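What follows is a short report on a single structure.
The values are calculated or read from the model by the stated rules, or taken from the named source; none is laboratory data. As the structure is a prediction and not an experimental result, all values here were calculated from the model. Using ideal geometry, Cβ is built from the backbone for each residue, glycine included, and neighbour counts are taken over all protein chains shown.
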Amino acid sequence: MANWSDPRMVGAPPSAVGTGSRDVAYDAGLRSYMLSVYNYMASGVLLTGIVALLFAQSGMALDIMSGPGLTKYLIIFSPLAFVMAMSFGMNKMSTGTLQMMFWGFATVMGLSMSTIFLVYTGASIAQTFFATAAAFAGLSLWGYTTKKDLSGFGTFLIMGVVGLLVASVINIFMQSTTMNLVISFVGVLIFAGLTAYDTQKIKSMYAYVAGTDMMGKTVIMGALSLYLDFINMFQFLLSFLGSRD
């Protein structure tokens, strides 16, 4: 029964007050949800950076990645295996298992990315990282706040990623510096677009998973998507801004 003696209710229709309360609760839940996504993503990037730096400084990265054997290929392709396992096994995994998979992915990604410390100077890596962080923050904020529906760009951007992979494989054999620069330039544009697109997609998912068992899983998979956008944009930018040792 409505509490008509409550002074907060005076002059306001009951339905309006209820709607307002629901909107406030929804907005608070959405902010908490997005903050969890960003916290996971940032923690994953930090873990990757620490592992990459320590692995490079230990000398093991140079020995393994430049030497013969299957270990280097295991390190290179392990991140892809983690992503595929998480993507296709998400519904069967518990939230805790998916969380451990995310940290495992961030770790092996660090091992794989350790080679950048063998190729580029530390100063240029740091400069590129902060440039990427600034660009990512702006693009993600725009994706979160824009009223424009970005879903139409999704297919185009995914096709662009496939095109990048094909071009990169071709360039392994061609070894063209010009083609490498073109791939890097296009890669930055594609993952800049994906940052905004994925942010809006993750935000929209909250309406479907709020209060369900899927919410924790969605947070982790959303963090994985933004992590991949950030790391790929960083690597492509490093091709432009990085100074080689």
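Across the range 208-237, the number of residues qualifying as part of a helix (DSSP H, G or I), out of contact with any Asp or Glu (no Cβ under 8 Å at 6 or more places or on another chain) and either without any contact (Cβ under 8 Å) to a residue 12 or more places away in the chain or among the polar types (S, T, N, Q) (or both) comes to 6. One residue is enough: does the range 194-205 have a residue meeting the conditions polar (S, T, N, Q) and either surrounded by fewer than 20 Cβ atoms within 10 Å (Cβ to Cβ) or in contact with a Cys (Cβ under 6 Å, 6 or more places away or on another chain) (or both)? Among the residues of the range 194-205, at least one is polar (S, T, N, Q) and either surrounded by fewer than 20 Cβ atoms within 10 Å (Cβ to Cβ) or in contact with a Cys (Cβ under 6 Å, 6 or more places away or on another chain) (or both), which makes the answer yes.
Here Phe156, Phe240 are screened, and the one residue that is in contact with a helix residue (DSSP H, G or I) (Cβ under 7 Å, 6 or more places away or on another chain) and in a helix (DSSP H, G or I) is Phe240.
Any chance the range 84-94 includes a residue that's more than 26 Å from Ser225 (Cβ to Cβ) and of a type outside the set (A, V, I, L, M)? No.
Figure legend. Inter-residue proximity from the range 168-179: first residues closer than 15 Å to Phe236 by Cβ and assigned to a helix (DSSP H, G or I), second residues of a type in the set (S, T, N, Q) and modelled with pLDDT under 85, beta-carbon distance below 9 Å, spacing 6+ or different chains. Indicated pairs: Met179/Asn171.
Of all residues in the range 80-111, exactly one satisfies the criterion of being over 20 Å from Met215 (Cα atoms) and over 17 Å from the mean Cα position of the chain (by Cα), namely Leu111. Residues in the range 159-185 that are of a type in the set (S, T, N, Q) and surrounded by fewer than 12 Cβ atoms within 10 Å (Cβ to Cβ): Gln175, Thr177, Thr178. Of all residues in the range 217-245, those satisfying the criterion of being over 16 Å from the mean Cα position of the chain (by Cα) and not basic (Lys, Arg) are Leu238, Ser239, Phe240, Leu241, Gly242, Ser243, Asp245.
Working carefully through the options Phe136, Phe156, Phe117, Phe129, find the one that is over 17 Å from the mean Cα position of the chain (by Cα) and surrounded by 14 or more Cβ atoms within 10 Å (Cβ to Cβ).
Details: Phe136 fails: over 17 Å from the mean Cα position of the chain (by Cα); Phe156 fails: surrounded by 14 or more Cβ atoms within 10 Å (Cβ to Cβ); Phe129 fails: over 17 Å from the mean Cα position of the chain (by Cα).
Only one candidate passes the filter, namely Phe117.
Per the conditions (1) in contact with a Lys or Arg (Cβ under 9 Å, 6 or more places away or on another chain); (2) within 30 Å of Tyr144 (Cα to Cα), the sole criterion not satisfied by Ile64 is (2). Check the range 201-218 and report whether any residue there is within 21 Å of Asp23 (Cα to Cα), touching a helix residue (DSSP H, G or I) at 6+ places or on another chain (Cβ under 9 Å) and among the charged types (D, E, K, R). Yes: one or more hits. In the set (1) within 21 Å of Asp229 (Cβ to Cβ); (2) free of Cβ contacts under 8 Å to residues at least 60 places away in the same chain, the condition left unmet by Ile202 is number (2).
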